[in-house]
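The values are calculated or read from the model by the stated rules, or taken from the named source; none is laboratory data. Everything numeric here is computed off the predicted structure, so don't read it as measured data. Here the Cβ is made from the backbone with ideal geometry for all residues, glycine too, and neighbour counts use every protein chain on show.
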């Protein structure tokens, strides 16, 4: 990246690569990008992988990514919201309940959004 294209690696550029590989279902390649990053992967990078894993049904890697999000930022709504969804798809109801109880204890919740079309 630096030598050939003269582009300095940033979280945004790495995030784009992880997102592209994830959307294409190329999880090995996405994980390789994360493992070889010159900067520490942040919540957005792991969250991109986690979201793609949920879409494509790659639950084991998605759970790993969710745990990385929660480890990096324990109060993160992103990891706390998607990890129960991953567990629900795997029908691991005890893990879903445990995670939701932890969210209540930490007072973590999903903020409601609002969209408007004019």
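For segment 65-81, how many residues meet the condition of being modelled with pLDDT under 80, in contact with a helix residue (DSSP H, G or I) (Cβ under 6 Å, 6 or more places away or on another chain) and surrounded by fewer than 22 Cβ atoms within 10 Å (Cβ to Cβ)?
5
Quick one: which residue in 57, 62 is modelled with pLDDT of 65 or more and surrounded by 13 or more Cβ atoms within 10 Å (Cβ to Cβ)?
Every option except 62 fails the conditions.
Among the residues of segment 8-61, which ones are assigned to a loop (DSSP other than H, G, I, E, B), touching a residue at least 12 places away in the same chain (Cβ under 8 Å) and more than 21 Å from residue 73 (Cα to Cα)?
Selection gives 9, 25, 57, 58.
Among the residues of segment 23-34, are any modelled with pLDDT of 80 or more and on the phi > 0 side of the Ramachandran plot?
yes
Can we say residue 103 is touching a helix residue (DSSP H, G or I) at 6+ places or on another chain (Cβ under 9 Å) and at pLDDT below 65?
So residue 103 fits the description; yes.
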